[in-house]
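The values are calculated or read from the model by the stated rules, or taken from the named source; none is laboratory data. Keep in mind that this is a model prediction, so the values were computed, not measured. Glycine gets a Cβ as well: all are built from the backbone with ideal geometry, and neighbour counts include every protein chain shown.
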Amino acid sequence: MEPLNKTIDRIVNAIDWRKIKDYHKKLNILWEFTEDKQTIQRIPSIPELRSELRSIIFYMSEANLDYISYGSWVLFWDRDKGEVGDIRAIFRLADFHFEENANSVSTLEDALQRALDKEDYESAAAIRDTLQKKKKEM
């Protein structure tokens, strides 16, 4: 559980929470809270937003889910047994991507495409070989 906690902290700390809160303001995304036996609607605070994402990722881990859509969040989790893997968190108009290591499949595929676009075939061949090795390990 410790690697998962560290990963979640890295993900949560990498997100621009002011931007997320601004989206809530601009799009009038309000949460309902019960305070003093009254239900009120307000824009969530940054700690509340952070806590929500943290809870979603923990739930995904416990339920062993690869995908979840909850509220304003859509999360994709590409992982192998025993690894944290790659997590992509999408918040309506913002997209945040965390990769466990630099040799993840999506990073390698992007690098391969860039090398091909530049017609750097030597680099493309090396990246292709690494990508094929990574896919075999999966």
| said: What pairs come out if I take residues in the range 1-19 that are without any contact (Cβ under 8 Å) to a residue 60 or more places away in the chain and not assigned by TED's automatic domain parsing to the domain that holds Glu62 and pair them with residues that are surrounded by 12 or more Cβ atoms within 10 Å (Cβ to Cβ) and part of a helix (DSSP H, G or I) whose C-beta lies under 7 Å away, six or more apart or interchain? | reply: none
| message | Report every pair of residues separated by at least 6 positions or lying on different chains whose Cβ atoms are under 8 Å apart, first residue within the range 106-122 and more than 22 Å from Arg79 (Cα to Cα), second surrounded by fewer than 13 Cβ atoms within 10 Å (Cβ to Cβ). | response | Ala115/Tyr121
| task | Output the strands (runs of 3 or more DSSP E) that fall wholly within the range 6-90 and possess 3 or more residues being not aromatic (Phe, Trp, Tyr), or say none. | result | 31-35, 38-42, 73-78
| note | The residue that is modelled with the highest pLDDT, considering only those in the range 80-121 that are among the acidic types (Asp, Glu) and surrounded by fewer than 16 Cβ atoms within 10 Å (Cβ to Cβ), is Asp117
| field | Pairs where the first residue, in the range 38-56, is closer than 18 Å to Tyr70 by Cα and the second is assigned to a loop (DSSP other than H, G, I, E, B), C-beta under 7 Å, 6+ apart | value | Ile43/Leu30
| task | Confirm whether Glu52 is in contact with a Pro (Cβ under 9 Å, 6 or more places away or on another chain), under 18 Å from Ile11 (Cα atoms) and modelled with pLDDT of 80 or more. | result | yes
| note | Taking the range 46-65 and keeping residues among the aromatic types (Phe, Trp, Tyr) and on the phi > 0 side of the Ramachandran plot leaves none
